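To keep things clear, I will list the structure first and then write my remarks on it.
The values are calculated or read from the model by the stated rules, or taken from the named source; none is laboratory data. These numbers were taken from a predicted model, which means no experiment stands behind them. Counting neighbours? That spans all protein chains shown, and the Cβs are built from the backbone with ideal geometry, glycine included. When the accessible area is computed, the model is the full protein with side chains, heavy atoms only, and any ligands, DNA or RNA have been set aside. Shrake-Rupley method; radii C 1.70, N 1.55, O 1.52, S 1.80 Å.
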Amino acid sequence: MFRLEAKKPSLCKSEPLTSERVTATLSVLKGVLTSCYGPSGRLKQLHNGLGGSVRTTSKSSALLANLSVTHPILKILTTSVQNHVSCFSDCGLFTAILCCNLIENVQRIGLTPTTVFKLNKHLLSLCTSYLKSEVCGCRIPVNFSSTHVLLCLVRSVLTSKPACVLTRREIEHISTLLLRAFLLTIPENTAGPIILGKSIIVPLKGQRVIDSTVLPGILIEMSEVQLMKILPFKKSDSFKVALFRVSLSGDLSDTGEGTVVVSYGVSLENAVLDQLLNLGRQLVGDHVDLVMCQKVIHPSLKQFLSMHRVIPIDRVGAALMEPLSKMTGTQPIGSLSSVSPSSYGSVRDVCTAKFGFKWFFHLVPHEETVCSLLLGNRNDTVWDELKLTCETALHVLQLTLKEPFVLLGGGCTETHLAAYIRHKKCLYKKRRRKRHRGSPHEDGDRYWSYAATSQEGMKPSETEETRSILL
């Protein structure tokens, strides 16, 4: 792939926020985000302009990731909002719109950057401390002995994304599945620190949403022909597993850690193949039942393992390596020469499963901390949106374990905070009337004095504009 133009070095510009270019680009971004926000928000279709699929969404994470933002100010803004969404999985559109409004109001009022920073920092600490307090009127405790609040929380995430195109019955079904998948990732032994498992979303595109289901363990998609080659499985109490992150294809460019010893007059390919077969003999000698590889297994090694009733599974992919290691207790092997028996793991059972037109190799764990959510939807576009929404809902449920409280949605929390700030301002004005004129002692009082009075060097017009940024 060649560049159409030479790569330019990075530039550091001191362009002010009041320039027309910044104002115009910020207004465009704000218009795109505002049109997606709230109950009357509209969907957006994202396209790269060069071909490919069209993404229909209203989620901030999808919008900001697919928008071509070139201005440095907008890059900082969008990156900050994306970091916020990755941490909290909520209020992405609201946060971006709030930041745009703050920048526009600061430009209009003309306050100094230092004053704006201190004012915003004070307001943020005021809102945060109130939301964490016991007297907060929009905070609801989460009771894990009942599923009512948790189901309402998941349901609110699904209903806020119209691009998923779900009926009421489908929303209830997916909400139940997501809650079940979340509960399956919580270990039974919670004496020490809780280490959550993993929920893997398996695509069933073209299938009905109501056919979606949750199964404990990991499902690896395979063709029916591949499954017939490794059937039948030998029955035992458990299956010993070896997991390789290095390629077992015999390619010299990817032999992983360690060395390959080649005798004089012997070709490199034959030397690597002999080493692979020696590795296979070691695996058979260690009574390994299942060999899984992130990449490719050489056909000769596959045949050797199959002859000794060892199941070879290759092309697992990088995305499943961490869940497989966590579920089986294996340490991914990165060498062809030295394999320690301590790196092996195990699963309770292996079986096959069929959903729609797809066949899967099903690994059943000893402890159900890893599960697979088989997710169906009508087409690729709505499935992508539903997958992203389900990941958001699962992350929100995980956050409730750390902070077992939820806030009211639908704009209730924002309205409540605005009323709380107005109430604090009125209390300050009453206290100030009882004082003698002079500079307040506390930083917070100084900011409220700056925002609530037209004295001490401020013009009346500036006072009204400063109130607008607070209210």
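Observations on the model:
- Residue list for segment 10-55, filter: farther than 24 Å from Thr381 by Cβ, of a type outside the set (A, V, I, L, M, F, W, C), at pLDDT 70 or above and within 32 Å of the chain's Cα centre (by Cα): Thr23, Thr25, Ser27, Lys30
- Condition check for Ser199: touching a helix residue (DSSP H, G or I) at 6+ places or on another chain (Cβ under 7 Å), surrounded by 20 or more Cβ atoms within 10 Å (Cβ to Cβ) and either β-branched (Val, Ile, Thr) or modelled with pLDDT under 95 (or both): yes
- Among residues of segment 371-400 that are touching a residue at least 12 places away in the same chain (Cβ under 8 Å) and of a type in the set (A, V, I, L, M), those with a Cβ under 6 angstrom from a residue that is open to solvent by 10 Å² or more (accessible area, probe 1.4 Å) and in a helix (DSSP H, G or I), sequence gap 6+ or separate chain, pair up as Ala393/Val157.
- Check on Ser175, outside any strand (DSSP E or B), buried (at least 17 other Cβ atoms within 10 Å of the Cβ) and among the polar types (S, T, N, Q): yes
- For segment 262-362, the strands (runs of 3 or more DSSP E) that sit wholly inside it and include 3 or more residues that are closer than 23 Å to Pro203 by Cα are 349-355.
- Beta carbons closer than 8 Å, at least 6 apart along the sequence or on distinct chains, pair a first residue in segment 276-294 that is modelled with pLDDT under 95 with a second that is exposed (fewer than 14 other Cβ atoms within 10 Å of the Cβ) and assigned to a helix (DSSP H, G or I) for Leu276/Ser300; Leu277/Ser300; Asp286/Pro341; Gln294/Ala318.
- Residues within segment 323-382 that are polar (S, T, N, Q), surrounded by fewer than 22 Cβ atoms within 10 Å (Cβ to Cβ) and out of contact with any helix residue (DSSP H, G or I) (no Cβ under 9 Å at 6 or more places or on another chain), tallied: 7
- Residue selected from segment 294-322 under the condition over 21 Å from Gly250 (Cα atoms) and of a type outside the set (Gly, Ala, Ser), by the criterion least open to solvent (accessible area, probe 1.4 Å): Leu320
- Residue match in segment 99-112 (condition: under 26 Å from Glu385 (Cα atoms) and touching a helix residue (DSSP H, G or I) at 6+ places or on another chain (Cβ under 6 Å)): yes
- Taking segment 202-240 as the range and being out of contact with any Phe, Trp or Tyr (no Cβ under 9 Å at 6 or more places or on another chain), open to solvent by 50 Å² or more (accessible area, probe 1.4 Å) and at pLDDT 90 or above as the test, only Arg208 passes.
- Boolean, Glu104 is surrounded by fewer than 11 Cβ atoms within 10 Å (Cβ to Cβ) and among the charged types (D, E, K, R): no
- Verdict on Thr147 being open to solvent by 50 Å² or more (accessible area, probe 1.4 Å) and without any contact (Cβ under 8 Å) to a residue 12 or more places away in the chain: no
- Within segment 70-81, residues that are more than 16 Å from Ser60 (Cβ to Cβ) and modelled with pLDDT under 85 reach partners that are of a type in the set (A, V, I, L, M, F, W, C) and open to solvent by less than 20 Å² (accessible area, probe 1.4 Å) with beta carbons closer than 6 Å, at six or more positions or on different chains, in the pairs Ile73/Val22.
- Close pairs (7 angstrom Cβ cut-off, 6 or more residues apart or separate chains): more than 11 Å from Leu102 (Cβ to Cβ) in segment 117-129, hydroxyl-bearing (Ser, Thr, Tyr) anywhere: Lys118/Tyr447; His122/Tyr447
- Among the residues making up segment 124-146, a single one is part of a helix (DSSP H, G or I) and among the aromatic types (Phe, Trp, Tyr): Tyr130.
- Of all residues in segment 352-382, those being small (Gly, Ala, Ser) and over 22 Å from the mean Cα position of the chain (by Cα) number 2.
- As for segment 305-315, it holds at least one residue that is in contact (Cβ under 8 Å) with a residue 12 or more places away in the chain, farther than 30 Å from Leu158 by Cα and touching a Pro at 6+ places or on another chain (Cβ under 9 Å).
- From the options Tyr420, Tyr344, Tyr428, residue that is over 24 Å from Cys87 (Cα atoms) and touching a strand residue (DSSP E or B) at 6+ places or on another chain (Cβ under 9 Å): Tyr344
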